[in-house]
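**Q** Before I ask anything, here is the structure I am working with.
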Amino acid sequence: EKNLQIPVFVYHDIVEDESQIEYDYMQTTAKQFEKQITGLMKLGYKPISYEDLVAYKNGEKAIPKWSFLITFDDGYTGVYKYAFEIAKNITFQ
């Protein structure tokens, strides 16, 4: 389908639990992150990469109608320590 609206979820930091949250608008617990991603997938959404999105926008690749993209705009340790570990255990594409 042409001109799909793709939701992009921007995360700043992933922390182990709520006791580590300093800025609630910038941090998400590992459990919340996992629930959000698996929840989207249970609703039929499929995660795509930034490269997939660019290729789709350039007319070079088709993507699922119900796609979503995740980005992390900061290099916090929690992104690697928690988000990456969670993502490895979820079937992405």
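No lab work stands behind these numbers, since they all come straight from the coordinates. A quick note: this is a predicted structure, and the numbers were derived from the prediction, not measured. Neighbour counts are summed over all protein chains in view; Cβ atoms, including those assigned to glycine, are modelled from backbone coordinates with ideal geometry.
**Q** Of everything in the stretch 1-40, what is surrounded by 10 or more Cβ atoms within 10 Å (Cβ to Cβ), assigned to a loop (DSSP other than H, G, I, E, B) and without any contact (Cβ under 8 Å) to a residue 12 or more places away in the chain? Give them in sequence order.
**A** Scanning the stretch 1-40 gives a single hit, Ile21.
**Q** Of the residues that sit in the stretch 52-93 and are among the hydrophobic types (A, V, I, L, M, F, W, C) and in a strand (DSSP E or B), which one is farthest from Tyr11 (Cα to Cα)?
**A** Phe68
**Q** State the number of residues belonging to the stretch 41-93 that are surrounded by fewer than 11 Cβ atoms within 10 Å (Cβ to Cβ) and among the β-branched types (Val, Ile, Thr).
**A** The total comes to 3.
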